[in-house]
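Working notes, structure below.
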Amino acid sequence: MSNVTSENTAVPRSPVVEMRGISIGFPGVKALDGVDFRMFPGEVHSLMGENGAGKSTLIKALTGVYGIDAGTITLSGAQVSFSGPAQAQAAGISTVYQEVNLLPNLSVAENIMLGREPRRFGGIGWRAMRRRSAELLAGLGLDVDPGSLLGDHSLAVQQLIAIARAIDVNAKVLILDEPTSSLDADEVAELFRVIRSLRDQDVAILFVSHFLDQVYEICDRLTVLRNGTLVGEYLVEELLRIDLVQKMIGKELTTLDDLEQRAHAVVVDESDAATFVSASKLGRRGAINPADLPIAAGEVVGLAGLLGSGRTEFARLLGGIDRADTGELTIRGETVRLRTPRQAIARRIAFSSENRRDEGIVGDLTVRDNIVLALQADRGWFRPIPKKKQDELAQSYIQALNIRPGNPDALVRNLSGGNQQKVLLARWLAIAPRLLILDEPTRGIDIGAKAEIQKLVFNLAENGMSVLFISAELEEVLRLSHRVVVLRDRHVVADLENDGLTVDSLLTLIADGRVASDDEALAEIEPTPTTQGGTR
Amino acid sequence: MSGLAKVVSHRLFWPIVMLLVLFAINLVAFPGFFTITVRDGQLFGSLIDILRNGAPTLIIAVGMTLVIATRGIDLSVGAVAAISGAVACSIILGSPEPGNLATVAVAVAVALLISLVLGVWNGFLVAVLGIQPIIATLILMTAGRGVAMLITEGQILTVNSPPFKFLGSGFWFGVPVAVVIAAVVFGIAALVTRRTALGMLIESVGINPEASRQAGLRARGLLFAVYTFCALCAAIAGLILTANTAAADANNTGLFIELDAILAVVIGGTSLAGGRYTLFGTLVGALVIQTLVTTVYTVGIPPIATMVFKAAVVTIVCLLQSPTTAASISGFRRRLAARAGKGLAAS
Amino acid sequence: MTVTAVLFVAVFVVGGIRYRGFFSGQVFLNLFVDNAYLIVLAVGMTFVILTGGIDLSVGAVVALSGMIAASLLQTGWSPAVVIPLILVLTSVLGLLVGLMIHVFKVQPFIATLAAMFLARGLCYVISQSSISIVEPTFVQLAVSRIPLGGGLSVTPSVIIALAVVALAVWVLHATRFGRTVYAIGGGEQSGLLMGLPVARTKVLVYVISGFCSGLAGVLFTFYTLSGYPLTAVGTELDAIAAVVIGGTLLTGGYGFVLGSVLGVLVLGVIQTIITFEGTLSSWWTKIFIGALLLVFIILQKVLTSRRR
Amino acid sequence: DGGSAAEGGPKPLDELVVGFAQVGAESGWRTANTKDIQAAFEEAGIELKFSDAQQKQENQIKAIRSYIQQQVDVIAFSPVVETGWDAVLNEAKAAGIPVVLTDRAVDSKDESLYVSFLGSDFVLEGEKAGQWVLDEYADTTEPVEIIQLEGTTGAAPAIDRAEGFAEVIAENPNLEVVASQTGDFTRAGGKQVTEALLKSNPGVDLIYAHNDDMGLGAIEAIEAAGLVPGEDIKIVTVDAVKDGMQALADGKINFIVECSPLLGAQLIEIITQVNDGETPEKRIVTEETTFTQEQAIEALPDRQY
Ligand SMILES: Nc1ncnc2c1ncn2[C@@H]1O[C@H](COP(=O)(O)OP(=O)(O)OP(=O)(O)O)[C@@H](O)[C@H]1O
Ligand SMILES: Nc1ncnc2c1ncn2[C@@H]1O[C@H](COP(=O)(O)OP(=O)(O)OP(=O)(O)O)[C@@H](O)[C@H]1O
Ligand SMILES: [Mg+2]
Ligand SMILES: [Mg+2]
């Protein structure tokens, strides 16, 4: 293609993967249209594009999950056509797909090793298998019992396990589709260390992420897709971020700067903001230690903490997903017991799960149905939302959140990951919540949409909605929150006004639980090489 | 996609084709198959028989569709049908005036009420105790038939009550009453689930229970509702079956009808894995099954080959319906088109 | 599963207290003797259910293999040919079912229902009436007893069934194939994306179930020494119930073969209690079976949830 | 105690324990059979251990094994199926417990495995039905179209009743079975099959049903088709249950071959004989007759089942 730059500057070797003129159509959507794509050994390559641009589809085309309508794929010079991931794997392409695709009913070790388990007496060598997977996990800085059930772990841990599985294969090509979407800075750093060492062993690595910082830190080269078509292939060092963003969305992006200015401007006036909801000594055995948390109307509270620190667990108590076994919850001064999400919703508390596939979307229903679901459930069985109203709701959120394809009758299952997340968000916004609990709401969402969502949260908060915001991306937490609550080891260790807080001071807090000044923070810990996900 | 391709790729295309093929086979074996005459102001003919005899299966299949949409299954429908028939007949027999309309009304009402209790029982086991539906309803399937036999003491209770018999073999404006009842049940189910939010909520629970719970759905209530409705359908079917022969046969009423009902649902395109359902598909499925049975009789397939014939028909429908077949057909068509295109280009 | 075991023991003890002659080693062993075929069926069914499928054809296939055995032995074939032939034929039937399910995406319930019709129909085609087996080897296997000392004994069928169980435990626990079975139950799509041999495994599971049904059919003919087209009607439900009582989830992915064996024993002990009771009318028998099943499942449910 | 009554000399009747393994409760006929047997034991003061096999041979085998274990004095049972009893009957023999068969036979070569078989002869029933048809149409020169409603495919009564009937009517080439279909011994089955067959065979003259229930179903179908059962289409059935007899008395059925479920008295007789050390006859055919309309009207008032 003509707009591929730097053709002659680099590329000393021949590509290991080469896809030419790839087209894939789904009923009603042309997901890929004549896309060219290539990867070289020993490089980290990124695939960039907005939600629904076709990144995951291209990956699935390469690994044989989808058959291609047109085009050719060559691997190490030989033309291939895989009938499924098993074949691709055998040919040396190891993949972590966007949604975590592991088996919750099996142990962590099996999830890592299944398919290549060590043998013993003609059967599986369980001990060797556990040992090997423990090593792999340790290599990613993760300390979990390989014998434990996968389903017992949080999504972030599962994501790491999926990565561990992929890097254990002696692959020529390693594909990671948004592997870091729920990882913390530390985990990302570990992952990058592994990626670099693989790259040095001449593995070609495809790294898809919406975090530009990460892309700029780890990648050598990137390919940009827009609306299923190829925009171009670039060397990362030669492409300014601002240009990249422009190539991805096809126009200038201004909203983010906008937001930056307003971020701290909105400060809740303590005097008139009544505490909307307040948890006192709220806890659940084995999940989260009793903790206090008041949230004022119109306030955005961020939850910060490491992987497994208990943010999700705490949020679930507030959202009525799990029942608290100690403490109490007051909503506008009235003590309530939330036994089911339904009761929470009746009080206008919405909880948006981090695990959108298993706990969020209803895949075989349409976009419209998914958006009105919670609202309808709240109204009851026999007061259907009129069709016209449903369409209006769906249409307005499709527009507000830029959900694509914008067809309310599309099955949510067929949407790209980021767009599914937006649908989920729309569902909760539709019930006009007083308290919106967002657990990793920007997971897998592209920068444009992320800015939109952040803006939306702001506007809603201004109108009196409280928000509890959880994100692995500390900058995002800082940008949005009026207050930040820090969790560590399932304890609330700090509750701070967001007033001069920085990522580094937060990191210190998260790491050792002390409120440190900025200077101390800088002195005590090396600023992590990966600053999470900044979008500036 | 061209219009024709769209029709062919519709889920119900092949079941309907199969229905037509069965009709054609019947027509060959018995030329009067399509003839519908009016005799004493009543419609009379093979097609009417198919509708009438298929009514109980259809009614149960409607309830079953909703249960299946929630990812459940109800094996107890046959037993519930037997109980309702037994209850109604024993009430009518026990009354001094079996032919009285009021007596029959009471009997029918009591039978339906009891079925509601049975449905709630199933719902309780599934929704509250969390027992897997197949086992939860297996309990009632086994014990329920015992209960029905307890009521009839193992005898066939023959009732002589014209109003009751009317339910099974009467006519209403020329149309068999059983067909009218089935149409009403079908219509109500379709209206209630599609005109209210019920249908969507049921599907949601069937597709992703946890997500539905978090979205604030009352999954328990829904499960209670569908199992109760299914039991009610079973009871209505049981009354029709019983009234058809004017005798309650606790052993045989509704025996294996759960299989027919499930088969109808699945042929109609509703997945046993729960989720999206289509009542119209169920209607087609039920018709296919009943036509199959009637075909066996009219065509004179020997009893020993009946089962093999059934297996063949079910297999053929399923294979034709399969997405794999659809894909290879469209692939074939595309190749044909490509060849034609090349031909054109060459010339 | 431990809960099931504890409950089973409890029921057995209660039976022992209530009925004369119940609490004996032979009554316990007879649970195996009488249910050897069901154990084998339950093993095959466990494989299928673990993948999230179901096999309704097993009862009819038991009848079919009985019919094949009886009719071929009648015409003078040697058991050494007949038994392998049956196992091959039923495995092939399983293979066809598996292909229908995997390649043509037919729902297992329907594919196996069709297989059930077919097998039952073939029974009638072979013969409408029952056929006796007088072939000496078969008779020998049917009547011989393996003494265990203390006046206790089991039949060769029990040994075969237990061997099948042991093999199945090993396959499910310690082989790649076995773990893939669990994987499919845990999430077929995930398994596929993880590059596991989903297709092969899924088809093979039905072959195994077909094989087990064939073997169970052979054991059943040892038990009844005849082939009868109407035999084993509804046995598929017994097998499914046994598997589920044993703690396997019908949605797949979780369960144990040994649990299924316990499930069979539970059904057997319910049956035994009913025979020992000896005063139940036909309908009370049904109600009683249902009630015992219910009590069992509820207790199991309550006990398991408390432990969590 | 234990051991068999025959060896230890006659026991008082109230010390006798008899195990009875019933087929199931699959039909009204069967229930009547069970009731009659239970009542007979009650009257004779003999303890009865009853079990219902739910139509499964394996359950019956289990029950018999259990009776052997419980050391009953006599075992009686109605086998679900003819074949496959040698093993368990040998066990009973080894334990010295005499076995009586009721209703259905076993096909054991070794006749010493049971002391007596009490029950109807299904082939004979078919022959009786065929004989009536033969006589009824003795002078007809036109072809007579017959529909046969078969019992459950594979069940012994269905096979035998078809066989006996076919054998007899073969004598007259005018008699032709134009359609034969299973109605599963039920009224609903009988009705549905008849309904369909009447349409494809409008010229049918006679229906032969393997039991009363299917015949009663056929009557419904015939009436629904606007014909008169018993006149336009003649009906012959087997069983003679009360409802059937009523229909016969009303002229809707033309002839019924009795197949009596009332085996209780005769069974007690056999058991007493065994207990007294006598040898009952190997084959005792149930006392049964046939009914025409007049006989039915006469017999109806004291028909109990
Ligand atoms: N199975 C499918 N059926 C129909 N449409 C599909 C299917 N899979 C993907 N699509 C459509 O293809 C387009 C590309 O989706 P894809 O998942 O590749 O996007 P993506 O670039 O990975 O986005 P994201 O950043 O949100 O993950 C989307 O419009 C999506 O709706
Ligand atoms: N590093 C870890 N080691 C072991 N278990 C972990 C780890 N991280 C998370 N978990 C699991 O996660 C659960 C608690 O995490 P929770 O989901 O509340 O955390 P979180 O703060 O939301 O973090 P995240 O969602 O990023 O994992 C625990 O039950 C634990 O089993
Ligand atoms: Mg994607
Ligand atoms: Mg979390």
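Residues in the stretch D:154-182 that are within 14 Å of chain C (Cβ to nearest Cβ) and of a type in the set (S, T, N, Q): 3 in all.
Which one of these is among the small types (Gly, Ala, Ser), touching a residue at least 12 places away in the same chain (Cβ under 8 Å) and more than 16 Å from ligand 1 (Cβ to nearest atom): A:GLY380, A:GLY327? Sole residue among the options that is among the small types (Gly, Ala, Ser), touching a residue at least 12 places away in the same chain (Cβ under 8 Å) and more than 16 Å from ligand 1 (Cβ to nearest atom): A:GLY327.
Answer yes if at least one residue in the stretch A:347-364 is out of contact with any Lys or Arg (no Cβ under 9 Å at 6 or more places or on another chain), within 16 Å of ligand 2 (Cβ to nearest atom) and part of a helix (DSSP H, G or I), and no otherwise. Yes, there is a match, as at least one residue in the stretch A:347-364 is out of contact with any Lys or Arg (no Cβ under 9 Å at 6 or more places or on another chain), within 16 Å of ligand 2 (Cβ to nearest atom) and part of a helix (DSSP H, G or I).
Counting only helices (runs of 4 or more DSSP H) wholly contained in the stretch A:19-136, the ones carrying 2 or more residues that are away from chain C (no Cβ under 14 Å) occupy A:55-62. Looking at this structure, is B:THR278 at pLDDT 90 or above and either over 30 Å from D:LEU149 (Cβ atoms) or surrounded by fewer than 16 Cβ atoms within 10 Å (Cβ to Cβ) (or both)? In short, yes.
If you go through the stretch D:60-86 and keep only what is surrounded by fewer than 23 Cβ atoms within 10 Å (Cβ to Cβ) and without any contact (Cβ under 8 Å) to a residue 12 or more places away in the chain, you end up with just D:GLN69.
So that you can scan it fast, the table gives a plain yes or no per residue for (1) within 16 Å of ligand 3 (Cβ to nearest atom); (2) outside any loop (DSSP other than H, G, I, E, B); (3) farther than 23 Å from A:GLU99 by Cβ; (4) out of contact with any Pro (no Cβ under 9 Å at 6 or more places or on another chain):
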residue: A:GLN159; (1), (2), (3), (4): yes, yes, no, no
residue: A:ALA162; (1), (2), (3), (4): yes, yes, no, no
residue: A:ASN170; (1), (2), (3), (4): no, no, yes, yes
residue: A:THR180; (1), (2), (3), (4): yes, no, no, yes
residue: A:GLU187; (1), (2), (3), (4): no, yes, no, yes
residue: A:ARG193; (1), (2), (3), (4): no, yes, yes, yes
residue: A:ILE205; (1), (2), (3), (4): no, yes, no, yes
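When A:GLU110 is tested against (1) more than 16 Å from ligand 4 (Cβ to nearest atom); (2) open to solvent by 10 Å² or more (accessible area, probe 1.4 Å), only condition (2) is not met.
Residues of the stretch A:26-55 that are near ligand 1 (Cβ under 8 Å from one of its atoms) and farther than 19 Å from A:LYS450 by Cα: A:PHE26, A:PRO27, A:GLY28, A:VAL29, A:ALA31, A:LEU32. When the stretch B:149-171 is limited to residues that are surrounded by 22 or more Cβ atoms within 10 Å (Cβ to Cβ) and at the interface with chain C (Cβ under 8 Å from one of its Cβ atoms), the one that is modelled with the highest pLDDT turns out to be B:MET149. Applying the criterion of at least 3 residues that are within 16 Å of ligand 4 (Cβ to nearest atom) to the helices (runs of 4 or more DSSP H) found wholly in the stretch A:410-504 leaves A:474-480. Only one of the numbered conditions (1) closer than 30 Å to B:GLY269 by Cβ; (2) assigned to a helix (DSSP H, G or I); (3) open to solvent by 10 Å² or more (accessible area, probe 1.4 Å) is not met by B:ARG71, and that is (2).
Against the test of being buried (at least 20 other Cβ atoms within 10 Å of the Cβ), over 30 Å from D:GLY151 (Cα atoms), of a type in the set (A, V, I, L, M, F, W, C) and at pLDDT 95 or above, the options C:ALA115, C:ALA142, C:ALA168 yield a single qualifying residue, C:ALA168. Would you be able to say whether some residue in the stretch A:222-241 is more than 16 Å from ligand 1 (Cβ to nearest atom), within 29 Å of A:GLY115 (Cβ to Cβ) and β-branched (Val, Ile, Thr)? Checking the stretch A:222-241: not a single residue is more than 16 Å from ligand 1 (Cβ to nearest atom), within 29 Å of A:GLY115 (Cβ to Cβ) and β-branched (Val, Ile, Thr).
Exactly one residue among C:LEU293, C:LEU280 is within 11 Å of another protein chain (Cβ to nearest Cβ) and not in a helix (DSSP H, G or I), and that residue is C:LEU280. Residues in the stretch A:381-394 that are under 13 Å from A:VAL423 (Cβ atoms) and surrounded by fewer than 21 Cβ atoms within 10 Å (Cβ to Cβ): 1 in all.
Within the option set A:ASP358, A:ASP378, A:ASP325, A:ASP369, being closer than 30 Å to A:GLY448 by Cα, surrounded by fewer than 20 Cβ atoms within 10 Å (Cβ to Cβ) and away from ligand 3 (no atom under 16 Å from the Cβ) holds for one residue only, A:ASP358. Residues of the stretch C:87-128 that are within 8 Å of another protein chain (Cβ to nearest Cβ) and either of a type in the set (Lys, Arg) or not in a helix (DSSP H, G or I) (or both): C:VAL103, C:PHE104, C:LYS105, C:VAL106, C:GLN107, C:ARG120, C:GLN128. Which number in (1) within 14 Å of chain C (Cβ to nearest Cβ); (2) away from ligand 4 (no atom under 16 Å from the Cβ) marks the one condition that A:GLY139 misses? Just one mismatch for A:GLY139, condition (1). Pairs are defined by a Cβ separation below 6 Å, a sequence spacing of at least 6 or placement on different chains, a first member in the stretch A:334-357 that is modelled with pLDDT of 90 or more, and a second member that is among the aromatic types (Phe, Trp, Tyr); the pairs so defined are A:ALA350/A:TRP428; A:SER352/A:TRP428. Here are some residues: B:GLY63, B:GLY85. Which one is crowded, with 24+ Cβ neighbours inside 10 Å, within 26 Å of B:ALA286 (Cα to Cα) and in contact with a Cys (Cβ under 6 Å, 6 or more places away or on another chain)? After ruling out the rest, the residue left standing is B:GLY63.
The values are calculated or read from the model by the stated rules, or taken from the named source; none is laboratory data. Owing to the predicted nature of the structure, the values given are computational and were not obtained by experimental measurement. Counting neighbours? That spans all protein chains shown, and the Cβs are built from the backbone with ideal geometry, glycine included. Only protein heavy atoms, including side chains, enter the accessible area calculation; ligands, DNA and RNA are left aside. Shrake-Rupley method; radii C 1.70, N 1.55, O 1.52, S 1.80 Å.
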